[in-house]
Protein chains: 4
Amino acid sequence: MINFRNDYCGVCHPKVLEALCEKSKNVYVGYGLDTETNEATLKIKKLINNDNANVYFTVGGTSTNKIVIAHALKSYGAAIACDTGHINVHETGAIEATGHKVLTYPNCNGKLTKEGIEVIMNSHPDFHMVKPGIVYISNSTETGTVYTKQELIELSETCKKYNLYFYIDGARLGCALTSKVCDYTISEMAALCDAFYIGGTKNGLILGEALVVINEKLNDEIRYAIKCHGGMYAKGFVNGIMFNRLFTDNLFFDIAKKENELAETLYNELKQLGVEFLAEQETNQIFPIFNTNIIEQLTKEIDCEIWNSDKDKTTVRFVTSFLSSTEDVVNAINIIKKLL
Amino acid sequence: MINFRNDYCGVCHPKVLEALCEKSKNVYVGYGLDTETNEATLKIKKLINNDNANVYFTVGGTSTNKIVIAHALKSYGAAIACDTGHINVHETGAIEATGHKVLTYPNCNGKLTKEGIEVIMNSHPDFHMVKPGIVYISNSTETGTVYTKQELIELSETCKKYNLYFYIDGARLGCALTSKVCDYTISEMAALCDAFYIGGTKNGLILGEALVVINEKLNDEIRYAIKCHGGMYAKGFVNGIMFNRLFTDNLFFDIAKKENELAETLYNELKQLGVEFLAEQETNQIFPIFNTNIIEQLTKEIDCEIWNSDKDKTTVRFVTSFLSSTEDVVNAINIIKKLL
Amino acid sequence: MINFRNDYCGVCHPKVLEALCEKSKNVYVGYGLDTETNEATLKIKKLINNDNANVYFTVGGTSTNKIVIAHALKSYGAAIACDTGHINVHETGAIEATGHKVLTYPNCNGKLTKEGIEVIMNSHPDFHMVKPGIVYISNSTETGTVYTKQELIELSETCKKYNLYFYIDGARLGCALTSKVCDYTISEMAALCDAFYIGGTKNGLILGEALVVINEKLNDEIRYAIKCHGGMYAKGFVNGIMFNRLFTDNLFFDIAKKENELAETLYNELKQLGVEFLAEQETNQIFPIFNTNIIEQLTKEIDCEIWNSDKDKTTVRFVTSFLSSTEDVVNAINIIKKLL
Amino acid sequence: MINFRNDYCGVCHPKVLEALCEKSKNVYVGYGLDTETNEATLKIKKLINNDNANVYFTVGGTSTNKIVIAHALKSYGAAIACDTGHINVHETGAIEATGHKVLTYPNCNGKLTKEGIEVIMNSHPDFHMVKPGIVYISNSTETGTVYTKQELIELSETCKKYNLYFYIDGARLGCALTSKVCDYTISEMAALCDAFYIGGTKNGLILGEALVVINEKLNDEIRYAIKCHGGMYAKGFVNGIMFNRLFTDNLFFDIAKKENELAETLYNELKQLGVEFLAEQETNQIFPIFNTNIIEQLTKEIDCEIWNSDKDKTTVRFVTSFLSSTEDVVNAINIIKKLL
């Protein structure tokens, strides 16, 4: 069985595991106050070229989103996201469970637009409605697309205009930054937002996300919010060791880049076989559309998610991971070739 | 520097790391629906001799407490704990952040008593006050003590009398169960409560707790609560692998037992040197009382937590961990001997 | 200045005030446990022909919605409403502040449809998403329309099919039930839902809503929820006196019917003058569309809400209240005639 | 039956009702943006001698407490109160339902002490615990006592020292300010705190509290919090009319003063009969202690609350209200005389 189901399907990248093994006899202080966390923090601050940023290593994406949004908002505050935003759909109401509404606008190719923010702000004029306080996007998006620099600049400026925090969920930030369509560095992106997180769980780690806080107003007392909302990791040094390794020798980017390249090959080869796609390939998620009558057989040999389906056509999602290989891609193409 | 600061000071037990390394090339499905999680679940169910129990592996203690309590209560419901209870003091209001009051009663040797529940129930008669719905204890307690079987039976019966769920936070359950003062098995304890969790983070794992739900009313839809309250672990199979190993060859109990024995030796030796203690040793936490004037030097050589302090006397907490050794104990005794 | 801004623009109906004055020397027990509340309750139970229903008098619509929805749902539960639903737009996130998501579907003439519920249920299959638990509608709707009996039956059956509570916000229930298009009695409506409230604030009272709970599962312990969510009224007997009077001599329906009739006259006369409307008149809210260039003058003489506006056309909302008179309607027509 | 059960036992003071009747034909804008509200606001601002204060009229005490505390705190913030504080005991977890812990310290004669704040602040040093952000007291207290000027100054200074908001629940503020033991004016009290509310419900109104915000940081966007937490009153002008009347011709103080005087007479007379009290009389609540064997008969003739009881002695609470008369007091004394 070839696995294209998701990018969190294996324990962790061998080099990260190696680092954990090497340091497994050491004793560390808890709660992220250790030397490894400190080193990882310095590497990330250097990478984004910002000495004043603060970095916190948390246990997962959903709790990181809860932390940032709950920390940014007053009790009647709301987050703005596009309709397909992870916080709006796939977090079982985790944001609302902190007391806050998620206001949505239809996505454009998986993305929130400047127009979306404008429309929402203009229709929320007074105290009978929630007060939008933070804009949420994910990059890459739920459908694998990547924001362009121009789009990020527009969102950033719109946020400033309306006094909104701008927060980027980077669960798959590695794949966004190493996409062939990406026209900015992590440091340029960091300069445009108030906070973002660098996903570890979907980029080769056992778990963990690195929350980077740029705006010092958001930084104040945020450790309280991390603990209160269940994102504090007692063995924070494990995140420290893993992120320290991830940001050594370009590993973070290498993992993501390879995933993107495998997805690109798969996309191009399938395209040549006449397969249509829901969208163009930009990162490690692609969405081929097949005749529904081959899906049963296909999913016996390739593990993947059914994105949507009717009696004629079925769209599936293929995701490459740090465990994916060229061989997987070649085998998948052969399997599909036979089924078409 | 000898480390007696806490029991979450190292990556994980070598045998657990070995298991992770062995299985690091495998591909798994996410969210705890994998074969390793399944095996670990079966082992725990067998251990507690209850086929109808359900087991969920979560990311940490605070979020597990949030999940169970929020799942058990209606919006106006409250949890009962003793004043020193972890949820009352050391979780940054995580329970209140889910909307629920924690009602407290003074502890007796670190424990909640039957009388405490009775007093609280009798003083909460109507809708002008919260409605208590769940009793929370930790075993071993915050001060290292262990509930006796008789105490658990009394608490269990009192909960039944008042229609309260009975929930046990087992962050250090291993040390409780392997304590020389413990007069019950995990299966006997499980039969007395509605839910409990088996702590992994403080018992040799990288992270993770095993939430065991005995009462099927609490079980219904609990995966939604796990996700909503930030306790869902995408790479659930990592917990699966670790707990599977922990419950193979008695490793869970061996780790805890060794910690208890080291703490006991340390306690006995210091006692012989004339050191007084806040309480008798029952598990891996001991609380020696020293003259305040030696603390500065002592903490240069032994890393530990200051429990409380005045100008004459200072109580410190020594905690043994899976990384602690007989050598650590011997060295600590020698260091202290010189300082007395 | 003619007032068509809203239906909560005066202290209260003279007959209600009379009742308050008559009973202003009496002493009552608090929190709705008094004789007046009891009498009002019996009258409502008789009106809906249901001895097993329970009635609670609360302070306002938003808090009543909070109470019912928070009481109906588990922590990860969600409410379903149409996009224009009051809870979704005009309650400043009050529902989300209790921890719950509001899932929406585009309205059809101001109403939630059976199809809306079906689509939402089918797209929320598992624990990665919220679990819908209650359906919310308002009757009459935000745009003054009234659900038909067939529509209510379909919604009710769909709720049963998916195990959802069905809750009706009756802030303007009087106007719905006395609408010329309404084809059911309050008793028939009550039999189709699990809970509803009868609006007092917008039907001639100083304040207050009567929450009627049909489904006994929802009834259990609801007084706790009323207090916890800020809807408990210390002087509950004031609500008792007012609702007792409102349900004596058909006053509740008379007030509403007169409002509807005035709105109908205004609608018909304006229609004859060639004015277009956003929708047909069904209750006490009508939405005429004027040339934008007359709006400034119009609103100097008629107080009303601007519903939406562009440079050519402006829709306004005219609402009749218990204070409105035939004279108001005649004067308004004359004013508008001159401006057209 | 003589009524000493509570001070919210009648519709409202005749002069307030008169004002409502006089203005019952008028049309007003909603949500507290009307002329009556404006006049009442100006009178209160003049009374406290502070042009920069802001006044908001809300529906009840519990929701007002929710609003202020939720508005003052970040998600992990906590309120400090004494153990008998209304928010801690008698609001069914309303504060916790907004996500916030209430930290308590044993009361001293019904009051929170400076020492209480100090102890709590010193035991909450870091992010593993909640962060106290606001101090809550009620004046008069739950047991009818009144803070002295010196006590308020100490609390105020302690709040400033620790960067805590200082908030006073004035459900019975009238009785506090007109107590013979009160050594300050409302304007002096206002200058010592960040916000307080003037209770209307327990001081002769149908409902309503006047929230006075002194600290402009707390004022910002508070209307959103009022709506979100269910305290917004659509017919805000009713509160406007009532408070406008209450602060005309000293009515607010006259009502409270008379209640205090009746309580004082009752207290003195009973004292002369040899009755003991739980505390000295300061306001309109007194707590006589009787032999338990007379309670059954006593409560047949005098409606009052049982405060606590054992087989020998029973403490009851007598509360005088705006409906109480000298005759009630005389009759009560005669009834008790016969029973002693």
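General observations
- Under the convention that each Lys and Arg Cβ holds +1 and each Asp and Glu Cβ holds -1, the size of the dipole of segment C:264-328 around its Cα centre is about 180 debye.
- Working note: Karplus 6.51/-1.76/1.60 with θ = phi - 60° gives segment B:32-38 the couplings x, 9, 9, 5, 5, 4, 4 Hz, where Gly and Pro are set to x.
- In nanometres and ascending order, the distances from the C:Lys311 label point to those of the other copies are 5.1, 8.1, 9.0 (point 7 Å from Cα along Cα→Cβ).
- Test item: Cα-centred dipole of segment C:214-317, Lys/Arg +1 and Asp/Glu -1 on Cβ, debye: 480 debye
- For a straight C-alpha distance cut-off of 16 angstrom, the aspartates and glutamates reachable from D:Lys313 (same-chain residues fewer than eight places away being disregarded) are D:Glu276, D:Glu296, D:Glu305.
- Here A:Thr145, C:Thr58, D:Thr35 are placed in order of increasing Cβ neighbour count within 10 Å, fewest first, which gives D:Thr35, A:Thr145, C:Thr58.
- Between A:Gln150 and C:Lys149, the distance separating the two model label sites (each 7 Å from Cα on the Cα→Cβ line) works out to 6.0 nm.
- Cβ nearest the rotation axis (B onto C), residue from chain B and distance to the nearest whole Å: B:Gly99, 3
- Separation of segment A:198-254 from segment A:42-120 is 16 Å, based on Cα centroids.
- Label-point gap, in nm, between B:Glu39 and B:His90 - each point 7 angstrom along Cα→Cβ: 3.3 nm
- A cut-off of 5 Å between modelled amide H atoms, ignoring neighbours fewer than 5 places along the same chain, links D:Gln285 with no other residue.
- Gyration tensor (alpha-carbon) shape descriptor, chain A, a/c threshold 1.5: oblate
- Note, ³J(HN,Hα) from phi for segment A:257-270, Karplus 6.51, -1.76, 1.60, rounded to Hz, x at Gly and Pro: 4, 5, 4, 4, 5, 5, 5, 5, 4, 4, 4, 5, 5, 5
- Rounded to 5, percent antiparallel among DSSP beta bridges of segment B:110-248: 35 percent
- Considering only chain A, percent of DSSP beta bridges that pair antiparallel, nearest 5: 50 percent
- 3J(HN,Hα) couplings calculated from phi for segment C:96-105 with the Karplus curve 6.51 cos²θ - 1.76 cosθ + 1.60 (θ = phi - 60°) are, in sequence order, 4, 5, 8, x, 10, 7, 9, 8, 10, 9 Hz; Gly and Pro show x.
- Of all lysines in the structure, those lying under 25 Å Cα to Cα from A:Lys160, and not within fewer than 8 positions of it along the same chain, are A:Lys45, A:Lys66, A:Lys74, A:Lys101, A:Lys111, A:Lys114, A:Lys131, A:Lys149, A:Lys217, D:Lys74, D:Lys217.
- Only the Cβ atoms of Lys and Arg (+1) and of Asp and Glu (-1) were treated as charged; on that basis the dipole of chain A about its Cα centre amounts to roughly 540 debye.
- Paramagnetic reach from D:Ala191 (point 7 Å along Cα→Cβ, amide N under 19 Å) across segment D:148-178: D:148-161, D:166-168, D:177-178
- In this structure, the amide hydrogen of B:Ile80, modeled 1.01 Å from its nitrogen in the peptide plane, lies closer than 5 angstrom to those of B:Leu103, B:Gly133, B:Ile134, B:Val135, B:Tyr136, counting only residues at least 5 positions away or on a different chain.
- Linear extension gain, B:Asn334 paired with B:Ile294, 0.36 nm per residue minus alpha-carbon span: 13.0 nm
- Extreme residue, positive dipole direction of segment D:232-340, given options D:Gln285, D:Leu270, D:Leu246 (C-beta unit charges): D:Leu246
- Distances in nm from D:Lys160 to the matching label points in the other copies, shortest first (labels 7 Å along Cα to Cβ): 3.9, 5.9, 6.7
- Extreme residue, positive dipole direction of segment A:177-330, given options A:Ile294, A:Asn308, A:Gly208 (C-beta unit charges): A:Gly208
- For B:Ser325, inter-copy label distances in nm, listed shortest first [label point 7 Å out on the Cα-Cβ vector]: 3.9, 9.0, 9.8
- Amide H within-cut-off set for C:Trp307, under 5 Å, with H built and near neighbours excluded: C:Thr315, C:Val316, C:Arg317
- Helix-only CD estimate at 222 nm, as mean residue ellipticity for chain C, using -39500 (n - 2.57) per DSSP H run (n ≥ 4): -12000 deg cm²/dmol
- Chain C, relative contact order in percent, only Cα pairs under 8 angstrom and at least six apart counted: 25 percent
- Using a Förster distance of 22 Å, the FRET efficiency for C:Glu22-D:Asn26 (Cβ separation, nearest 0.05): 0.50
- Prolate/oblate/rounded call for segment A:199-340, Cα gyration tensor, a/c under 1.5 rounded: prolate
A short reminder: the numbers here are calculations on the coordinates, not readings from a lab. Because the structure is predicted, anything quoted here is derived from the model rather than measured. Here Cβ is always computed from backbone atoms with ideal geometry, including for glycine, and neighbour counts include all displayed protein chains.
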